[in-house]
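Taking it in order: structure first as structure tokens, then the write-up.
The numbers here are math on the coordinates, done by the rules we state, and not lab data. Note that the structure is predicted; figures quoted are calculated from it, not measured. Cβ placement follows ideal geometry from the backbone for every residue including glycine, while neighbour counts extend to all protein chains displayed.
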């Protein structure tokens with residue numbers, strides 16, 4: 001992380017409250033840190049403790065998950081804490097009735113990977129074609145579906161939008177494909 005941010009050992013040593021030699025030994029796996037030192041180092045690197053101690057040997061390849069309750073295949077992508085990225089395939093159009101759309105705090109982004117999608121925002125409809133993207137506030141009632149055949153979408157949700165989808169799905173509502 002230090003190198004990715006373009007910092008020298010000297011530039012990180014002071015805000016991390018560690019010596020250059022200690023930082024070098026930590027990076028080479030020859031020194032361990034106490035929890036309070038890890039917290040200080042994470043803050044100095046402007047990252048989370050989870051990201052700092054993440055094991056490089058953790059899963060890097062993810063298999064699709066079947067969400068039988070909603071008839072969806074999801075491909076989770078590990079990302080920034082607080083952000084969720086999902087790649088999904090849908091064949092259903094969005095609902096015509098705005099009452100069946102959902103609104104919740106947060107922000108969402110989507111990229112159409114193949115096919116064409118329809119983004120319904122209230123009473124407005126937007127056609128989003130392959131390689132096009134859309135960004136929208138989730139407080140507006142919304143839904144996303146396919147137009148004219150299968151559509152593959154990558155949806156990106158901030159923490160609030162992800163919570164909104166989890167809450168709605170847990171309450172028995174049907175979960176739309178990405179929005």
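Here are a few things to note about the model shown:
- Segment residue 159-residue 83, extension gain: residue separation times 0.36 nm, minus the distance between their alpha carbons: 26.8 nm
- Extended-chain gain in nm, criterion 0.36 nm per residue less alpha-carbon gap, residue 14 and residue 28: 3.1 nm
- Cα gyration tensor shape of the stretch 95-151, rounded if a/c is under 1.5, else prolate or oblate by comparing a/b with b/c: oblate
- For the stretch 9-53, the relative contact order comes to 36 percent (Cα pairs under 8 Å, sequence separation of at least 6).
- Label point 7 Å beyond Cα of residue 4 along Cβ direction - residues of the stretch 26-44 with amide nitrogen under 19 Å: 26-29, 38-44
- Stretching residue 35 away from residue 107 to a fully extended chain increases their span by 22.6 nm, per 0.36 nm per residue minus the current alpha-carbon distance.
- The stretch 9-53: C-alpha gyration tensor shape, a/c 1.5 cut-off, then a/b vs b/c: oblate
- Once the C-beta distance of residue 131 and residue 92 is scaled by a Förster radius of 30 Å, the resulting FRET efficiency is 0.85 to the nearest 0.05.
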